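Heads up: the structure comes next, in structure tokens.
The values are calculated or read from the model by the stated rules, or taken from the named source; none is laboratory data. Values in this document were obtained by computation on a predicted structure and should not be read as measured data. Using ideal geometry, Cβ is built from the backbone for each residue, glycine included, and neighbour counts are taken over all protein chains shown. Remember, those area values only see protein heavy atoms, side chains included, never the ligands or the DNA or RNA. Shrake-Rupley method; radii C 1.70, N 1.55, O 1.52, S 1.80 Å.
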Amino acid sequence: MNKSELGRLLGDLAQPMGYRRRGDLLWKRREELTSLIHLQRDPWSNGTYINLGATPNCMITKPVPPGTGYWGLERRAESMESPFRDHFGELILNRNSELSHDITTDGLRWLLQWIEENLSNAEAVRRAVLEMDPNSCVCRLGVVMLMMRDWADDRLKEPKHYFEGTAYYR
């Protein structure tokens, strides 16, 4: 299954759940946070990473949310403890012809359910962010963690405070 086939399958599963799609980015806006999924091609293996996360709604200043690196919380599917961890890893290695469509479908369903259970409740996300050790997070210049801590403390500033001069926020 190549990246475009994976994107179609993910879109087919996510759209009935309220996700919108533009290219390789899918998102679902909630009361305070937007959940995001992005398919990213690995330039070395031509495999596909599945990035997922959430960001405060006020950080989305255009009709389409920003790409990875600007999200408040961000993970990769293969880095998560899940019954499909190895399968998500195989997607990166571009062993697409060896991957079962049914297992991929089950893995994407699991991932969408995980997002619903872990990123849809803003208060639960807020508590999790406040419990994180800021020194244990590796983020782009530490800005993203700072942004999420500010959001969790109800001190979120304008996007340009965190991302001044970046392409999305121009």
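Numbers for the structure displayed
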{"item": "Accessible area per residue, Å², the chain with all protein chains present, probe 1.4 Å", "result": "53"}
{"item": "Helix-derived mean residue ellipticity, 222 nm - over the chain, DSSP H n ≥ 4, -39500 (n - 2.57), to 500", "result": "-11500 deg cm²/dmol"}
{"item": "Model label zone, Thr105; criterion: amide N under 17 Å from point 7 Å along Cα-to-beta-carbon; scope the stretch 1-26", "result": "1-2, 5-17"}
{"item": "Carbon/sulfur fraction of accessible area - the chain, other protein chains in place, 1.4 Å, %", "result": "47"}
{"item": "Heavy atoms of Met17 accessible to a 1.4 Å probe, total area in Å² rounded to 10", "result": "60"}
{"item": "Relative counts (whole %) of C-alpha pair distances in the chain, using bins that are 10 Å wide", "result": "10, 39, 35, 16, 1"}
{"item": "Residues in the stretch 150-164 reached by a label modelled at Thr61 [backbone nitrogen below 11 Å; 7 Å Cα→Cβ]", "result": "158-164"}
